[in-house]
Amino acid sequence: MRKQETTQTENSKKEALQDIVDTSEHIVFLGGAGVSTESGIPDFRGKDGLYRKRDRKYAKYKPEYLLSIGCLEKKPELFFAYFRENLDARNVQPNAAHLALAKMEQAGRLDGVITQNIDGLHQKAGSKKVQEIHGSAMRSYCVSCKAKYDANFIFDSKDEVPRCPVCGAMVRPDVTLYGEFLPSVPYDNSIRLIANADCLIIGGTSLEVGSAAGLAQMFLNHKHGGRIVIINRDKTKMDGKADLVLHDSIGTILGQLV
């Protein structure tokens, strides 16, 4: 009997999500690493995450340092070796969650996606209204002349530290590293999306990272009747404040929306 009751509860939650989506006019999606794990990209802090990976080459350094502005500036060879080995998502494909969100946008049911991910999978799935608040590994630029390059420039470079063919300065990934401020344009755009939203769907994030938690709290403080939906395999610190919580595969849940 308990299994049947659980199934009924799960079905009622899915129906509730469909109702929220159908009755909302300005939906915004806020996503984290869990959105891309179903594409095979490990998250950072999970049990199989990047930060738990054991690699003797990098054992003396914390992952936060290896992906910091300090490492890039002081030990660029180390930074680029780690970055190339662990953050190349060029051949990774979008999953059901990315495709469902792109479909929602194309149908006029989603105002935009705010993502902490740097893998470019939302755009690969077809989403156009994407705010990358941690930047993207799919772009790079020269630190001096600001010439722009794609992801291939860094990942395919034979040089330990990639150099700009225009001026000879270092070319770095267009991502927000530890110790750097968030990019102002996508973050300001995200604030505007949040301010105008009547439904915030949070997916694939524990809300432990300040940027995502801050945006979620911003919506909570000013939601004026708007609703919060959380879709995450594990509990988050905001579950008790959400209107609907689903601890399930985000791809499965979003893929079932009609």
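Annotations
- The residues in the range 137-162 that are under 24 Å from the mean Cα position of the chain (by Cα) and of a type in the set (Lys, Arg) can be counted, and the count is 2.
- In this structure, residue 53 does not satisfy being of a type outside the set (Gly, Ala, Ser) and either under 19 Å from the mean Cα position of the chain (by Cα) or modelled with pLDDT of 90 or more (or both).
- For first residues located in the range 20-38 and polar (S, T, N, Q) and buried (at least 21 other Cβ atoms within 10 Å of the Cβ), partners that are at pLDDT 95 or above and in a helix (DSSP H, G or I) and lie 6+ apart or on another chain with Cβ distances below 6 Å form the pairs 36/121.
- For the range 109-164, filtered to residues that are among the hydroxyl-bearing types (Ser, Thr, Tyr) and in contact with a helix residue (DSSP H, G or I) (Cβ under 9 Å, 6 or more places away or on another chain), the residue that is nearest to residue 176 (Cα to Cα) is 136.
- The condition (being touching a Gly at 6+ places or on another chain (Cβ under 7 Å) and over 26 Å from residue 84 (Cα atoms)) is satisfied by just one residue among 221, 232: 232.
- Listing of helices (runs of 4 or more DSSP H) fully contained in the range 145-258 that carry 2 or more residues being β-branched (Val, Ile, Thr) and touching a residue at least 24 places away in the same chain (Cβ under 8 Å): 184-196, 250-255
- When residues of the range 230-256 are limited to those that are polar (S, T, N, Q) and out of contact with any Ser or Thr (no Cβ under 8 Å at 6 or more places or on another chain), the one surrounded by the most Cβ atoms within 10 Å (Cβ to Cβ): 249
- Subset of the range 178-234 (residues that are at pLDDT below 90, in contact with a strand residue (DSSP E or B) (Cβ under 9 Å, 6 or more places away or on another chain) and at positive phi): 207
- Top-ranked residue in the range 110-144 [being outside any strand (DSSP E or B) and acidic (Asp, Glu); ranked as farthest from residue 189 (Cα to Cα)]: 119
The values are calculated or read from the model by the stated rules, or taken from the named source; none is laboratory data. Since the model is a prediction, treat every value here as computed from it, not as a measurement. For neighbour counting, all protein chains shown are included, and Cβ atoms are generated from backbone atoms with ideal geometry for every residue, glycine included.
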